[in-house]
Amino acid sequence: MAFTYQNASSHSFVPEIWDAELLTQFDPLLVWASRLVSNRKYEGEIRKKGDVVHVNSLLRPTVGDYKLPEGMTAQRPETVDQELPITEAKYLQILIEDAERVQLASDDFNSPINMQMIRAIAREADTFMGGVISSSATVLPNISPVSGSIPASLYGTILDMMLALDDVDVPGGRYVVVSPKVKRYLIEHPAIANAAAYGEGGVTANGVVARLAGFTVASTTAMPPGVDIMAGHSEFSTFASQFTGFREGQSEKFRADYIDTLHLYGGKVLRYPGMDTKKADNTWDESKPTKGIVKATVKWPA
């Protein structure tokens, strides 16, 4: 639908300009929904809330002994279906005096109003995905550090998480995400301080602060309730996201233009043969936590 603007000469706002910049600015603000923590392999084409993305897991074939005269027995590949529902539809609409003028003044999308829009959308998505991942993570014992040894206790917990993931053959390229308070003490530990990535090119995106012990260490204020440290691999969680594009028009109530966008997304913790139990209906038992993601809570000293 074409709109007649009340603002003189405001007829050439181009939503596509901002559509392209949106993803460029959106992704670096994410932690839980970032590619560091959650893969994007199954996004497909999302049109509306309620869409379902199907993920097929290939069961691990059996390796047999080759002997004569028995020879070999062929196996038919077997898959287990996992559904990734698009459960979230979040919108953001703002009123501005002149949509065209705002765009012309900020083609790089870095104006305060643009950045605040993106931060708000990213925060919603990241908080959602953190909750999805935490709800299926394996709970490790609480950490109870004592004053004077907090950095060592927290670092030891990361090594324990490394061992827990090693025990179930989680591949390399792992992440560990910590709360800001945990980060504050971890950086005092020599192993973290020596691996700090603040000056390393390109690592300030997605909350990354260091790389060590096979982990990329990141921090976020969007920690799930009751969780201080969580570790895993991006193969165990997936995030499907699509923006419907910016839309502009004339407000019916005010002498102003509006700009809005709709963000459709969903998330899921994925299950794998050898780690999870297949049910009779050919789906995974999702009532049990995944072994590929672990979490812990810190009981801070008074």
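A crude spin-label estimate for the pair Trp300 and Ala89, with each label 7 Å from Cα along the Cβ direction, gives 4.0 nm. Please say if the stretch 211-302 is rounded, prolate or oblate, where rounded means a/c under 1.5 for a ≥ b ≥ c the square roots of the C-alpha gyration tensor eigenvalues, and otherwise the choice is prolate for a/b larger than b/c and oblate otherwise? It comes out oblate by the Cα gyration axes.
Averaged per residue, the stretch 171-302 has 42 square angstrom of accessible surface, using a 1.4 angstrom probe with ligands and nucleic acids left out. With θ taken as phi - 60° and the Karplus curve 6.51 cos²θ - 1.76 cosθ + 1.60 applied, the whole-hertz 3J(HN,Hα) list for the stretch 268-280 is 7, 8, 8, 10, 9, x, x, 10, 10, 9, 7, 8, 5 Hz, x standing for glycine and proline.
Protection proxy ranking for 160-172, 225-237, using the average of other Cβ atoms within 10 Å per residue and placing the highest first: 225-237, 160-172.
In this structure, the pairs whose alpha-carbon distance is over 29 Å, taken from Lys41/Lys295; Lys90/Lys268; Lys41/Lys299; Lys90/Lys253; Lys41/Lys279, are Lys41/Lys299. Peptides 261-269, 143-151, 243-251, 63-71 ranked from most to least packed give 261-269, 243-251, 143-151, 63-71, packing being the mean of other C-beta atoms within 10 angstrom over each peptide's residues. Each Lys or Arg adds one and each Asp or Glu takes one away; over the other residues whose Cβ falls under 14 Å from the Cβ of Val31, this sums to +1.
The values are calculated or read from the model by the stated rules, or taken from the named source; none is laboratory data. Worth saying up front: this structure is predicted, and the values here are computed from it rather than measured. All Cβ positions, even for glycine, are placed from backbone atoms using ideal geometry, and neighbour counts span all protein chains on display. Side chains are part of the model used for accessible areas, which takes the heavy atoms of the whole protein and leaves out ligands, DNA and RNA. Shrake-Rupley method; radii C 1.70, N 1.55, O 1.52, S 1.80 Å.
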